[in-house]
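This report concerns only the one structure given below.
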Amino acid sequence: MTHEKIATEGLRAFFERFQSLSAASDVERLATMYAASVMIAGPRGPQVVSSADLQRAIPKRRQLLESVGYQETTLVGFEETKLTDRYALVRAEFRWHFGAANGEPTTVTLPSTYVVDCGGDSPCIVLYMNEQDVVSVLRERGLLPPGA
């Protein structure tokens with residue numbers, strides 16, 4: 001995504017591509033959407049994660065989600081704020097769709113916050129913050145058993 005495209009379209013197209021690559025489990029291309037080292041923060045605190053570690057974690061997360069009936073993710077909320085000429089803050093909401101063993105579909109909507117570096121050849125995520133612990137939310141919704 002070029003600087004001109006970001007200026008005219010904003011980062012929504014970047015996050016729609018992010019969603020598509022996540023759905024396709026395209027680990028290598030998804031990892032390129034992040035900086036070489038990215039800060040991942042959540043209720044349990046922050047950690048710096050390398051691209052190599054991220055590439056190992058993505059399939060494990062996908063496997064966990066599929067084990068509880070994951071079907072697809074939809075970008076349902078998007079708000080972009082320019083922080084500086086180089087960085088943007090993005091608040092996104094993704095709705096995860098699950099099929100249930102009892103036939104009742106379940107949806108989980110999770111808000112996330114990102115800081116995106118728009119200063120390079122293409123944007124990249126430098127900070128990814130989950131507002132909620134994904135595993136805890138899946139447990140609360142009955143998708144994961146306690147202690148899983």
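Nearest 10 degrees, 0 to 90: what angle lies between the long axis of helix 51-67 and the longest principal axis of the chain (Cα atoms)? Approximately 30 degrees, to the nearest ten. The GluC sites (Glu not before Pro) of segment 44-148 that DSSP puts in a loop, and whose beta carbon has at most 14 other beta carbons within 10 Å, are GLU131. Here's how it looks for ASP26: its modeled amide H is under 5 Å from none belonging to a residue 5 or more places away or on a different chain. Applying the Karplus relation 6.51 cos²θ - 1.76 cosθ + 1.60 with θ = phi - 60° to segment 82-87 yields 3J(HN,Hα) values of 6, 8, 9, 4, 9, 10 Hz, where x marks Gly and Pro. On a 0 to 90 degree scale, rounded to 10, what angle separates helix 12-23 from the longest Cα axis of the chain? That works out to roughly 40 degrees. Hey, if you drop one equal point scatterer on each alpha-carbon of segment 1-139 and run the Debye formula without solvent, what base-10 log of I(q)/I(0) do you get at q = 0.09, 0.17 Å⁻¹? Taking Cα atoms of segment 1-139 as identical point scatterers yields -0.27, -0.98. Within segment 8-90, the percentage of alpha carbon pairs spaced more than 23 angstrom apart rounds to 29%. Mean residue ellipticity at 222 nm, helices only, the chain: -9500 deg cm²/dmol; runs of at least 4 DSSP H residues each add -39,500 (n - 2.57), and the sum is divided by the number of residues. Here the chain is assigned +1 on the Cβ of each Lys and Arg and -1 on the Cβ of each Asp and Glu. Its dipole about the Cα centre then comes out at about 300 debye.
Where a number appears in this text, it was derived from the coordinates with a stated rule and is not lab data. All of these numbers come straight from a predicted model, not from anything done at the bench. We place every Cβ from the backbone using ideal geometry, glycine too, and count neighbours over all the protein chains shown.
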